[in-house]
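The values are calculated or read from the model by the stated rules, or taken from the named source; none is laboratory data. For clarity, every value in this text was computed on a predicted model and none was experimentally measured. A quick note on method: Cβ atoms are made from the backbone with ideal geometry, for glycine too, and the neighbour counts reach across all protein chains shown. Surface areas here come from the heavy atoms of the whole protein model, side chains and all, with no ligands, DNA or RNA. Shrake-Rupley method; radii C 1.70, N 1.55, O 1.52, S 1.80 Å.
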Amino acid sequence: MNTESMNTKESMSTPTSNVPSARHRVRTYRSNEDLPREEQLAWKIAEVATDPVEVQPDVTDMIINRVIDNAAVAAASLTRTPPSAARAQALSHPVSVNGAGAAIVGTDRRTSPEWAAWAHGVAVRELDYHDTFLAAEYSHPGDNIPPILAVAQHVGADGAALLRGLATGYEIQVDLVRAISLHKHKIDHVAHLGPSAAAGIGTLLGLDTAVIYQAIGQALHTTTATRQSRKGAISSWKAYAPAFAGKLAIEAVDRALRGETSPNPIYEGEDGVIAWLLDGPEGSYEVPLPAPGEPKRGILDTYTKEHSAEYQAQAWIDLARRLGNERPELRDPANIAAIVLHTSHHTHYVIGSGAGDPQKYDPTASRETLDHSIAYIFTVALQDGGWHHVDSYAPERAGRPDTVALWHKITTAEDPEWTRRYHSEDPDEKAFGGRVEITLTDGSTVVEEIAIADAHPLGARPFARPDYVRKFRLLAEPALAPAEIERFLALAERLPELTPVEVQALSIVAKPGLLASAPNPTGLF
């Protein structure tokens, strides 16, 4: 069977408005089969990156929102240990030649773009508090922003070029996530980030299809890793993994620009990604990609977080805080016999009791582990009537005896209907919540359900520009001077019009003296 690209809307059944109209069929090829370069998935992605289609106004608006959102969560993490270590590494490297360098987040210093992207990416990801897209795979598409922005600053690109690059990065990541599951094979989701960041950088720089194709292959080849970073006792590497993918994407583009080539076919080869890391020699996928001239609208299907926790916990936090406020007696473990969260396969097996991770019930567990424990998150949101990005994870909060007692009465169960809704492409049906059944010690029960988070585009209080700005002000106020907050917002909201000099200033600088209080670890550099 030959692969083919179907560039007609009829090739998709009932697409949602932002799903691209073309689908590219992908399967493994034996070495003695002919697969022209132009029919490989990496080439098709590169063609999307080189399509000069204009960025639509609503997409522009959302890209600005996410630039603000990323800066908010980066500001809130500047003094935490992983971002401090990444920043120290970046500060140890001088500005590279052949460009102006890129801003090191939190400072007025510059370095080479790959190290700037590294420091920025870790700061953005540390609190697990920025945007998300969930389909066949999981992702945080905002992870594309640090590497693409760093390259834009280094080469002196203007805001319009940066905007186009970010639209591509989001589009490619979302399209790969729609079609190809990595977690099923215990591969970390950042394997989709390397290709999307490389494609976005290619758009930004105006590279030709052949160069972007080579960069995508190298970026994918070097960013596949196991999911152990999100299993068991979750370490600080969870924050570093996407920054590492962005850094390697920049390096892949650099090598491709110098004429170096990549393993190919990287997806379809007999010893390639599909054959040995994913569904195997018999596996196949249909990846939706924009047809020539079709706008890149993938970002509009993504959603940010109101709460600093795994996205599958967002709706549960909203439900728990409502229940706790309406029924305070539910906060007391003496009144509760058992709580069962009936939910999707992912929530049950990744952040629920189905994971089989005892660490998810351990009050001494790391913040990264508690962030991936829906039982802990539901308990704290229920008892506190809200969620805080620092206080809710504090060791003294996790170790509170009444919290531990209630926490250990909570389990999860997969419900096929919630799993089906989780994977639905119908935006009116897609859901990330579930049904809670609370059995009280007097034998009575409380049953409630929630499908989507309040801040979701279809939720009770959808996030809009004022919410992104409010989130930025809230998280940035402890870290940035008032004038710096206003300066950054003024730049971000003019993103498409920014001059190259203004793009180079599109970063945040901490209050004087703040970073002196942060950890300053030493290493090899």
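E396 passes every criterion in (1) surrounded by fewer than 16 Cβ atoms within 10 Å (Cβ to Cβ); (2) in contact (Cβ under 8 Å) with a residue 12 or more places away in the chain apart from (2). Taken over the range 406-418, the residue count meeting the criterion of being surrounded by fewer than 18 Cβ atoms within 10 Å (Cβ to Cβ) and in contact with a Ser or Thr (Cβ under 6 Å, 6 or more places away or on another chain) is 1.
So which residues in the range 32-80 are among the hydroxyl-bearing types (S, T, Y), more than 20 Å from the chain's Cα centre (by Cα) and either buried (at least 24 other Cβ atoms within 10 Å of the Cβ) or more than 20 Å from R473 (Cβ to Cβ) (or both)?
T50 - this is the single residue of the range 32-80 that is among the hydroxyl-bearing types (S, T, Y), more than 20 Å from the chain's Cα centre (by Cα) and either buried (at least 24 other Cβ atoms within 10 Å of the Cβ) or more than 20 Å from R473 (Cβ to Cβ) (or both).
Quick check, is P292 closer than 23 Å to A161 by Cα, surrounded by fewer than 16 Cβ atoms within 10 Å (Cβ to Cβ) and not aromatic (F, W, Y)? Spelling it out, P292 is indeed closer than 23 Å to A161 by Cα, surrounded by fewer than 16 Cβ atoms within 10 Å (Cβ to Cβ) and not aromatic (F, W, Y).
Reported count of residues in the range 202-256, each being open to solvent by 50 Å² or more (accessible area, probe 1.4 Å), in a helix (DSSP H, G or I) and either at pLDDT below 95 or under 22 Å from H185 (Cβ atoms) (or both), is 5.
Might you let me know whether the range 497-510 holds any residue that is more than 19 Å from V155 (Cα to Cα), part of a loop (DSSP other than H, G, I, E, B), open to solvent by 60 Å² or more (accessible area, probe 1.4 Å) and touching a Leu at 6+ places or on another chain (Cβ under 8 Å)? Within the range 497-510 (the criterion being more than 19 Å from V155 (Cα to Cα), part of a loop (DSSP other than H, G, I, E, B), open to solvent by 60 Å² or more (accessible area, probe 1.4 Å) and touching a Leu at 6+ places or on another chain (Cβ under 8 Å)), the answer is no, since none of the residues qualifies.
L91: of a type outside the set (D, E, K, R), open to solvent by 10 Å² or more (accessible area, probe 1.4 Å) and under 20 Å from S517 (Cβ atoms), yes or no? In short, yes. Against the condition of a type outside the set (G, A, S), within 22 Å of K471 (Cβ to Cβ) and in contact with a strand residue (DSSP E or B) (Cβ under 7 Å, 6 or more places away or on another chain), how does T132 come out, does it pass? The answer is yes for T132.
For the range 466-481, the criterion of a residue being open to solvent by 50 Å² or more (accessible area, probe 1.4 Å), in contact with a Lys or Arg (Cβ under 9 Å, 6 or more places away or on another chain) and not charged (D, E, K, R) is satisfied by at least one position.
Taking the criterion of being among the charged types (D, E, K, R) and part of a helix (DSSP H, G or I), the residues of the range 49-77 that qualify are D58, D61, R66, D69.
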